[in-house]
Amino acid sequence: MNSDYIYFIKRKVLIIEDSDLGNLSVTNDIQNVLQAIKTDLDFLPETIIYRDSEGNFDGVEHEKGKFLKFYSVNESELEKALEKVSQ
């Protein structure tokens with residue numbers, strides 16, 4: 001079972017939003033999500049944030065598409081989250 005999500009790039013940041021349709025969460029399937037997006041785009045931006053099923057944005061640290069860790073952004077509004085990760 002895979003995650004259900006949408007993604008887009010804004011201000012050079014990859015934003016992944018969990019669609020919460022009952023499959024695995026993006027949080028629990030992050031490595032597969034990163035690989036699928038990297039395959040689609042042929043690259044991954046350095047900065048990635050994701051919106052979890054509860055509506056909060058947090059960051060995803062990776063190295064060439066390999067998941068390293070999540071980090072706190074702790075924002076529910078996209079623009080505020082983008083401001084934090086763009087500093």
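Taken together, the values in this text are just the output of simple stated rules run on the coordinates, not laboratory data. No experiment lies behind these values; they were computed from the predicted model shown. Every residue, glycine among them, receives a Cβ derived from its backbone with ideal geometry; neighbour counts consider all protein chains shown.
Every residue, every condition in (1) on the phi > 0 side of the Ramachandran plot; (2) surrounded by 13 or more Cβ atoms within 10 Å (Cβ to Cβ); (3) without any contact (Cβ under 8 Å) to a residue 24 or more places away in the chain, yes or no:
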position: TYR5; (1), (2), (3): no, yes, no
position: SER53; (1), (2), (3): no, yes, no
position: ASN56; (1), (2), (3): no, yes, yes
position: GLU63; (1), (2), (3): no, no, yes
position: LEU82; (1), (2), (3): no, yes, no
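Only one residue in ILE6, ILE30, ILE15, ILE48 is outside any strand (DSSP E or B), hydrophobic (A, V, I, L, M, F, W, C) and under 11 Å from the mean Cα position of the chain (by Cα). Which one? Within the list ILE6, ILE30, ILE15, ILE48, the selection yields ILE30. Condition test on VAL73, is it among the hydrophobic types (A, V, I, L, M, F, W, C), under 18 Å from GLN87 (Cα atoms) and in contact (Cβ under 8 Å) with a residue 40 or more places away in the chain? In short, no. Reported count of residues in the range 18-27, each being not in a loop (DSSP other than H, G, I, E, B) and not charged (D, E, K, R), is 1.
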